[in-house]
Structure formats: C-alpha cells, structure tokens
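Notes for the one structure printed next.
A short reminder: the numbers here are calculations on the coordinates, not readings from a lab. Note that this is a predicted model, so its numbers are computed, not measured. Backbone-built Cβ (ideal geometry, glycine too); neighbour counts: all protein chains shown.
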There are 2 protein chains.
Amino acid sequence: MSSSAESVVVDTTESPRARLKPVPVSDVKLTDAFWAPRLRINHEFTLPTQYQLLEETGRIDNFRAAAGKDPAQYGRSDIDRFVRSGAYYNDSDVYKWLEAASWALATRRDPELEQMVGTAVTEIEAAQEPDGYLDTYFTGEHRAERWTNLRDLHELYCGGHLIQAAVAHHRVTGSKQLLNVACRLADHIDHVFGPQPGQREGTSGHEEIEMALVELARETGVDRYRKLARFFVEMRGKGYAGGDEYHQDHRAFHAFDRMVGHAVRAVYLNAGAADLCLEGEGDAYLSALERLWRNMTTCQMYVTGGIGSRYRGEAFGYDYELPNRRAYAETCAAIGSVMWNWRMLALSGDARYADLIETMLYNGVLVGVSLDGRSYFYQNPLANDGDHRREPWFGCACCPPNIARMLASLPGYVYGVSDEGLWVHLYVEGEATATLSDGRTLTVSQRTRYPWDGRIEIRVGTPGPYSLFLRVPAWCEDGATLRVNEAPYGGELAPGAYVEVQRDWREGDCATLDLPMPARRVACHPYVPNNAGRVALMRGPLVYCAEQIDNPDCALEDLAISIDAPLGADWQPDLLGGVCVLEGTAVAAPPSAAWADRLYHSTQPATRRAQGHSLPFTAMPYYAWANREAGAMRVWLPVHRA
Amino acid sequence: MSSSAESVVVDTTESPRARLKPVPVSDVKLTDAFWAPRLRINHEFTLPTQYQLLEETGRIDNFRAAAGKDPAQYGRSDIDRFVRSGAYYNDSDVYKWLEAASWALATRRDPELEQMVGTAVTEIEAAQEPDGYLDTYFTGEHRAERWTNLRDLHELYCGGHLIQAAVAHHRVTGSKQLLNVACRLADHIDHVFGPQPGQREGTSGHEEIEMALVELARETGVDRYRKLARFFVEMRGKGYAGGDEYHQDHRAFHAFDRMVGHAVRAVYLNAGAADLCLEGEGDAYLSALERLWRNMTTCQMYVTGGIGSRYRGEAFGYDYELPNRRAYAETCAAIGSVMWNWRMLALSGDARYADLIETMLYNGVLVGVSLDGRSYFYQNPLANDGDHRREPWFGCACCPPNIARMLASLPGYVYGVSDEGLWVHLYVEGEATATLSDGRTLTVSQRTRYPWDGRIEIRVGTPGPYSLFLRVPAWCEDGATLRVNEAPYGGELAPGAYVEVQRDWREGDCATLDLPMPARRVACHPYVPNNAGRVALMRGPLVYCAEQIDNPDCALEDLAISIDAPLGADWQPDLLGGVCVLEGTAVAAPPSAAWADRLYHSTQPATRRAQGHSLPFTAMPYYAWANREAGAMRVWLPVHRA
C-alpha cells in the first residue's frame, strides 16, 4: 500500500528555501539494537493499546456522537445514544494517534493496525458537517460557541492535528479519504478567517494549525493553505489569543526575542514559522527564529534538551530558570522542539540543529516512554526522590500519542538529501534508499552500535560522483577520525559540523567515522543557581543519571563525584534492554554535623559537607530511569574536590 | 473607649496549658524609630485607604446587597439596587480590615477611623440572616449552595475572619454589636456541623475558623465554640476538604508529619490546633505541631522566614525546595506563621518561637508593604531582575488587610507574662504595663535603637520580687552581655534562649542587654541546590540584599563577595526612612569567556567565573527593597574565593 516516494514527514522536496530534502520513512530501515526495538514496541504494543484507550475513554465515541451514529450498530446495547464526553481538546488525541499509526504503516504493513486506522478514519469522516466544520466538542450543545474562543478552546489546534494526520495517512496509504476531510475543514477555516471583507481576524491560543496548513499546501499544491498559515502567524500580537506571553500573543512574531509562555505552543508556532521560511517567507521570520533558538539553547534548555521548565503554565520561565526536581520539561515540548529543529535543519543544513535533535531524541523525548511502551511521563524532572512514575494514560493525554508519532516517524529523521548528495543526520544501524534531485537513487547502509559505540561504517551501494555529509556531533570535542575505505580523510573534522566527503564512489565503498566516547563531566552555566558545584555525566549523546537502586549505600543527594577520577563504561546486555553504564568512584558526602537540624548557619562552617568515605557509583542513561523499582534519581551530582 | 485589660490579641489568660499570658495591645506603647512610624503610617494612611478600596471595589456594598439596602439611602442614584460582586471570599477582606482597625484603635483613639469601623459593623450586622447565617456570596443567587462546597468556597474561612474581627472589636471597644453577630453565626455553624444526629460532618478547605472559634470561646466563655473548633480539626483526613495535601486533608491532623499544601491554610490550621493545645487538648496535637515546626524550619523556610515556596498552589513544596527568583513566600503565609508561632511560644515559653517571630516580622512580613504604606507584595522573591513591584491592591486582596492587622496588633506581641514575671519577646523602644497572675501590675520601659543597635536598656518602674525574662536571640551567637544596673550578670547567656533575671527589683533598676551585631555571612544547607556557593548577609535580625541601584557598576548576578573580607555597617538616616547599610568589597565575577553562548560545557572550564576586579558593594535591609526605582535584587550572593 505504501507509495515509497511519498511517506516523508516534512515534505520540503519543492520548498524554495530548503537546503535539505527529506527521505521517506518507508525508505529507511532501522535494524539497530537501540531504536528498532523501540519502534517495534511502539508499533506492536503502544499503538494498539492507545487505540483501545481512545475507545475506552470515549474519544472515538465522540465522533460517533457528532455523527449521530446509532449505538446498536456497534452492538452497544448499554447506551441509547453516543454522548460527547471529555475535554474540548480530546479529538486531537485521536488525530495524533492516527498520524502515528500512519507512519508506523510506512515501515511495516499490519492488517490489524490498518483496520483500526480505517475505523478511525471512517468515524472522523462521518462526523464532518456539510460545511466542512469538524470538532466534536462544538457539535451538539456547544455548537453556538464555534470560533468564539480561539484563545482557550483549542479549535484550530484540533483542526491542525486532523490535517497532519490526514497528510500522513495520504502519504503512507495513498488514500484520499481523510485528506479530503482535512481539505474540507481547511477550506472552511479559510472561508471564515482571513483578511478579506466578511472574513474574521483571529489566531489560535494553542498553535499547531500553522505547520499543518503549510504541510497541507505541500501535499495538495493548494497555496491558499500556506497563505492561511501565514495569516495566522501574522495575527500574533493583536490580542486574539489573549495578548499575553503565555499564548505567544504579546507582540508580532517577527519581533519575538525570547521563548515565552506555554512551551509546546511556542515550539509548534516556531515550527510553523520555519515551514513558512522554507516556503519562501522573508528574513524577518528567520531572524526571529534564530533569536528564539539562541535564547532557548543558551538560557532555557535542560541538558537533556527538555524545555519549558515551569509548572505554572507548562511554560518557559526566566532565563536560567532550570530547576531539576521541579523541572516541567513536558515530553510534548521536546517533541515539538524536534519538529522545529528539523525544519531549521532543512533550511540551513547546519549541524547544530541536528545535534540538538539527537540530544532531544536520546534524552528529553525518549525518557517520556517506558521501555515496555506501556506508560509515559508528562513531566520530566532531572531529580526526583522516587514519587515520579510513568503512567499509562492521562486525562490530558497529549504526550502518549505524540511520543508514538515521534517514534513511528523516526526513520524519516535519519537522512536528508541535497543537490550534492546524502546527509546522515543520525547514526542508526540499517539501510536506506534516497533520491537526489537529479533523479539518481542512492542506497546506503550503516553499521554501528551507536549510541553505545562511536564507530560508524557507512557503506554506499550506488556508484557515482556525489557527497556524503556526515555529522561530527558537537559532543565529540576531540579525536573524531574518518577513513574512506582504508585511507584517512585528509580534511578537518570540526565538532558540531557536517564533514562533506565528496568523491566518485564505487559500490561497496565504506566511510568509517570513529567518534571517541569517553564519559564526560558536563558543567552548567554559573547563572543557573541550582547546578552550581554540580556536574552531569554524559557519554556520546546520552545524558546519564544516578538511580538509588544502583547506589544503595549512599543517599543520592550525598553522592559526590570527583572532578577528575576515572569514569569507566561497562556494557550490560541484560540490564534495561542493554545499556552501557558508567562506573567510577564517588564519595559519600552528607552534610557536615554542623547542619544537623538547621537550614541556615550564621557563620559558615568550614565545609558544608562532611569528609566522606569513598564508594563505587554507577550511572544509568537518563532515558532509562524509573523502569525499575521506585527510588531517587539525580542527573546533576555534587562535585567532590579532594 | 478601650478597656485596657482586654485588648489582648490571643487571650491565653485562662488557658490551662499556657506558659505565657498576654499583655494587651493598649498597654504597650511603642516609641521607637523603626516600628512606631510604620504603625503610624498603618493607622493614618493604610487603614483609611484600604477602607476606601473596600468601598470602591464593592466589598462593603456586598453586605448592603445582602441586607437588601436601598441605594438611595446612601445617596447612590446611579444604581437601582446593590448587587453582590467579586470573588466568593471578598467578605473576608472587610473582616480583616475591621480587625486591623480595631487593634489600631487600641493604640490610639481616632474618631474618623471609629466612624469607618462603625459603618462596617452596621452593614455587616444588617446582612445577617435571622438564623444567624452570614456570607454575602451565599445570599441571593447562590443561596442554595450554602455549605455545599466546603472545600473551595471559603465559607467557614469568611466566618472565621468575622469572628476574629468581632473578638478584636469587642476587646478594644467594649461594644458587643459585632460580637453578637459573630456568636449568632457561630451558633448557626455549631447547629449545622457536629457529631450529633442531624448534624453534618465537614471541615473547611481554607482553614481559619479553628483559631477563630477558640478565641470566641475564650472571649465569651462558651465552651461549645472550642469543641466545634476541635471537631473541625478532627474532621481533617476524611475527605471533606478534598482529601488532598493541598487542603491539609490527606490524613488525620495528629498524623501530620510535614508541612504540605497551601501555605496560608497550613499555618492557620496549625495556629488553631495550637490554640486547642493551649486549651488543654492532649499531646497528639502538640507532637504533630512540633513535627510540623521542625519540618518547616529545617527544610522549608526561607532565611527571611518566608514559607510556601511554590507558585503552583501557593504551597509548600519538597523539602529544600527554596528557589529564590521563583519564591512564592506569600506575605499572608509569613503572617500566619507569626500567629502559629505566637501560640507555640505561649505554650512553651521557648525562645525559638520568639526568634522566628522576630525573623518573620523584620523580613518576611515587613517586606510585604512599602515604606509609605501604600502598596503591597503578595509574593516575596529573594531574587528578582526588577519586574516584581508592590501593588496598591489585588483582585485577591488577602495580603493588604492582613499586613494591616499584623502591624496594628504588633504591640501585643512584644511582651508576655507568667507567674514568675515579665517576658520581653521583642526589643522595641517604648513603655508597657503588664499584670502578673497574682494581680501585681508592673511597668517597664525599653530604651534601644534596635534593630540597628543591639544595646537594650530595660528599666523597671515597679519594685518587688519578680523575674525579667530577656531573650538572647539565636542570631547572637557570640558575645551577648547583660548588666543589672552596674553589675555584670553572672549566669549564662545562651543564644536562642530567655535569660531569667530574678531579683527583688527596685524602681528604676535597669537591665542592660548588649547584643553584638556584626554583619554575618549566612550559609544555607547543602541540600538547597540553588544556594550552593552563595551566602546571605544578615545583621542582627535583619536579612540584607543587594539592589542594583546601590551597585551600579556590576550586574548583580556577577557580584561575588569574599568569604572573609570585612563588612562594615553604616547608619544612613536619610535613606529609606533611616537604615543601616552594609558595605564591603566585592568582586565583579562574570561568567568566564568559555561560557559565551553556551549553557553547558562538556569539559568543565577551570573556573566558571572570570577572575574579576574588586569594587565596593552596598547591601540594604531586605524589607526595604523595591522602594526606589525598579532594578535587580539578590539576597543570596555568590562567594568569591581568592
């Protein structure tokens, strides 16, 4: 069923400002031991159980209610009629699941999943009104409230998720059934909103519609949708979405200078604005996006790539406001940031965006789902005492299907193409086929144990003159080497940049990149007060953490690590699905006796911490925490200075 | 009008478990240069303008609406009838103001203020229903909702504030007009709630009624009110107030082990439980209170005495969760903590409670009002970049009248009496008259420039054998001396304890306490991550802070102070109403160049901060910050180690 040229996640193939073009999900086979099992669990367990939850929680029944379906038709003798239930934004969970399932089907056909997809599509289609309107909350008792509260009621947000699902469904299945629904809704929205006489001004309190409409324009060739997306971005700062920072409505988009407000909304908006840049929008948006990116990455981002540190408003905070225990760092915000950064990468080919995507995927995103694919984190603290556990579902269930679509679409984020050749953004064992703009089709394979080992063999299957662009990650500050077949690469291998290997390739040629992966102690900017005197441990792209279960002899808050003692890496195939743990010597350094029963000390004790005894310590990848018995966890560990 | 023996704030005179008895507000004259001007501003400016705001915002009209008053009677031709407006808890602002005004009248008669008090009392009285019910929100359209939502709608909370106001009004004016209203309401509540057949179980989502009912029992001798207070405390943990930590309803009170949930509610509840202990409640409550106090003071309290660090829920957080910029530290919570600690002090005579009262009054409470008495802080951060400013009023206006009643009742917190003699809790220049339990009346005067100077001369005006109990503050860790007349006191002067000076006093005898007040660098427990490597400056009971305006040559975040360089104190009579500033040498230590444009560093730079240049710095008392032009402020300053 899959049309392999079409299952691209973000279709920049024809985008005038795109440096990079995409490679379809279906053309990238991941066969590694890290991601492939996660995608398989996502496909085989997560997606079916989420569908079941969508049914059990009435989220699909809401479409049946809107369509006036007869429960008897579904063998439901327990009810007289379907009644719309749940929060006003619940339609979006169905749409996100549908998008996720579509991407999953690009990797592998699955009749049972196709059946679920078919049911969902049919129910959605039936719920659409003759004028194209579709939102089950505003069908029935809330009908009169349509488009009356763009700030709070997520109407355009739900519409955006329908459109994204429809585009994915069309690209993967070739069916126009849902795409037609999406187009009718988009046409309806385009009829209601716009600058013409008789149309309304407005913009959404929860952004999402912007990137959806650009993608719909790409998919259908209907440029009106792109213009409507631009209209919604241009409407920011006029008060239609509250006029405040929370809704990114405090000023015109081109004047944005720092990340503010609800984090998911902020990065979704930025993704939409970046899409508009790809389609030829001028430099004012791009300048704003670069300012926002700089603010986010230098002042408001956790070392995991997590963003939106503040519980209140699920929001960005002050610069350098990055508390660890009270980190919000919503899983959806990290996912939205991947989406935004992917578009920045497509615009620029700049490795800093790919570096950040890698950081987020391995840490801030992946931590959001349990190893067994059955439970989720909404918030992602970097320190906890054992009370924060993943849950199977949420009343506001945005994160679970969002993780599912991120994982299902992951193959589409591994490669890119440009006129010059193939770009390798992520290192994952597997095979891929990519088509250059001149029509040549390249095949390539990766052999690597990444992220556990930094050696990557990239073997080309297609002869001819073209370039391979290989990312030297920013984390690999020292010692990266590259050989092509047996010959050392003569050029520079700058960290945080792509190295272009340009040659007349023969079939079977192999580029071997070696990225040394010593464990690293990472320090934090001194303006982040809560990380003073602490370090985080990383190895390759992975952030590590200490869990109490691995360090039973010392309260984690007292576990201080030396600034310079050796840190070893040990592969443990049977632990947590196979992980490389970090091991070293630490010091148990509880508060000195002077602190007993007091919080403040009028005259500072000579040392705040007692001279402690040495003990071994073990750190685990952050993404894998809280998959065993409940206990404390810390990413940032105090430094012990002998 | 004042009956001088009766204007006590918490009447433990007959309380069976009280170690200390109170001294009436009217019998303590403050003539100092620190508090007396604040109380005068409170009386002359704050109270009249707050009354005007109560009128302008419809808070008093709500009582007129409930009574069905005719607007024409008030010359209000603009409206046909009074309509209840504003939040469901707005009655409480009127009651708190009335309590504040009553205490103010205990210090000084004032016909204009008496007129306002009289109007408020009359309007309140007229709004009471025949059955004793009184809450303007539940009169009219919400009548059917009475007592249906104890968790959220603050019905018992408002009732509690009415009772407190009525007791104060009766004690100060001798009038029973409002007390009778309060008794009718209390009788009504006592009719509705209780363990008897036909009565309801329940407890308030916002505590306050508990301490009010105990006080009403003390004032009227009606023991039913005390029993009802106990009933409401006993009902905690049964789910009537939500069953959650936010409402302190997660378990039975006697099983409480740490401070949780909404901070104001928590300390109000504790004050009520402590009142019950004073009246003879058993040890289970006292044990819980001691656990709670220990948790609060050793794990959850700012150096200013501020509590409730978390914005979300205005609540206590994790242990050691004490962010500075995002400190909530509501002014009302510090005030409620003074109330709770005052009752613990009355129970025990233990100076640690008086020490904490002092810390809170000079810092966490006083910071809540501007020097001119015209604007207020709701939240009290310990670091800010200039966007946090006091406001003249709030939609939820709990703090302004709460500060007013705290300041107006302050004279009642200076002294206490026991069978042995007179206790001096706070050092404030002025005079007082106190009656011992054997009926002897003592007069005493204080001469001191406290808190700017630690020398206090206490002169007795009454001969005879009795004790003076003088508090040696915990902050005075070293060097306190005491002379009686010219003779050095021979006993120990332990910090954080009362020294009992027992003798046969002659009229004119003088005890001179000298509390050295060097500037202190205060360190914080290492479990508070955001204060690592930082110190706060204190002198005497005052917490200091750096404000940008006084330190124009260095961004405050870069101002590092030496761990051991001299700190000088300089009296500046014309600055901020007269303050002693701290001065010393600091280092401008911006982040080292390695941090340019990055938040994390894979390999830690040798120093996080650049080697900076020396410059002078000036610190101001924290209570006085934000009384000049807007700018940054920091309590906790990085330490520079040469």
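One table, with the values for the structure above:
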item	result
Normalised contact order of chain A, rounded percent, pairs of Cα under 8 Å and 6 or more residues apart	12 percent
Sorted by Cβ neighbour density within 10 Å, fewest at the top, the residues B:209, B:79, A:458	B:79, A:458, B:209
Global form of region B:224-371, assessed from the alpha-carbon gyration tensor, a/c cut-off 1.5	oblate
Pairs beyond 32 Å (Cα-Cα), from A:176/A:238; A:29/A:176; B:29/B:96; A:21/A:176; B:69/B:238	A:176/A:238; B:69/B:238
Acute angle (nearest 10 degrees) that the helix B:47-56 long axis makes with the longest principal axis of chain B, alpha-carbon atoms	60 degrees
Listed residue (B:89, B:588, B:268) projecting farthest to the positive dipole end of chain B, Cβ model	B:588
Only Lys, Arg (+1) and Asp, Glu (-1) charged, at Cβ; chain A dipole about Cα centre in debye	840 debye
Mean-position separation - Cα centroids, region A:332-403 and region B:205-234, in angstrom	51 Å
Reduced Cα scattering model of region A:416-514, Debye log10 I(q)/I(0), q = 0.19, 0.24 Å⁻¹	-0.89, -1.44
Unit Cα scatterers, Debye sum, the protein assembly as shown: log10 I(q)/I(0) for q = 0.08, 0.09 Å⁻¹	-1.01, -1.20
Label spacing, shortest first and in nm, from residue A:73 to its equivalents in the remaining copies (7 angstrom along Cα→Cβ)	6.4
Region B:32-413: mean projected area of Cα convex hull, nm²	18.3 nm²
Net dipole in debye of region B:408-554 [+1 Lys, Arg Cβ; -1 Asp, Glu Cβ; about Cα centre; nearest 20]	220 debye
Amide hydrogen neighbours beyond the local backbone of residue B:545, cut-off 5 Å, H modeled	B:620, B:622
Loop trypsin sites (Lys or Arg not before Pro), region B:487-568 (other Cβ atoms within 10 Å of the site Cβ: 14 or fewer; DSSP)	B:506
Ascending list, in nanometres, of distances separating the residue B:496 label from those of the other copies (7 Å, Cα toward Cβ)	4.9
Likely footprinting exposure, B:387, A:152, fewest C-beta neighbours within 10 Å first	B:387, A:152
Estimated vicinal HN-Hα couplings, Hz - region A:530-538 in sequence order (Karplus 6.51, -1.76, 1.60; Gly, Pro = x)	7, 9, 4, x, 10, 10, 9, 9, 9
7 Å along Cα→Cβ, label-point gaps from residue B:566 to other copies, nm, shortest first	5.2
Residue mean of other protein chain beta carbons inside 10 Å, A:298-304	2
Charged-residue dipole, Cβ positions (Lys, Arg, Asp, Glu), the protein assembly as shown about Cα centre, Debye nearest 20	1020 debye
Peptide A:593-599, shielding by other chains (average Cβ, 10 Å cutoff)	5
Calculated [θ] (222 nm, deg cm²/dmol) that DSSP helices of n ≥ 4 give over the protein assembly as shown, each run adding -39,500 (n - 2.57)	-9500 deg cm²/dmol
For region A:133-194 versus region B:444-508, the gap between their alpha-carbon centres in whole angstrom	77 Å
Highest to lowest packing among B:136-147, B:50-61, scored as the average C-beta count within 10 Å	B:50-61, B:136-147
Sequence of B:15, A:375 once ranked by neighbouring C-beta atoms within 10 Å, starting from the fewest	A:375, B:15
For residues of A:383-389, the mean tally of beta carbons on other chains within 10 Å	1
Inter-label distance for residue B:585 and residue B:549, nm, one decimal - labels placed 7 Å from Cα along Cα-to-Cβ	2.8 nm
Given charges at Cβ of Lys, Arg, Asp, Glu: the protein assembly as shown dipole, positive-most of A:203, A:619, A:379	A:619
Degrees separating the helix B:399-409 axis from the principal Cα axis of chain B, which is the longest one	90 degrees
Diffusion constant of chain B at 10 °C, which comes from Stokes-Einstein with the Kirkwood Cα-pair radius and 1.306 mPa s, µm²/s	62 µm²/s
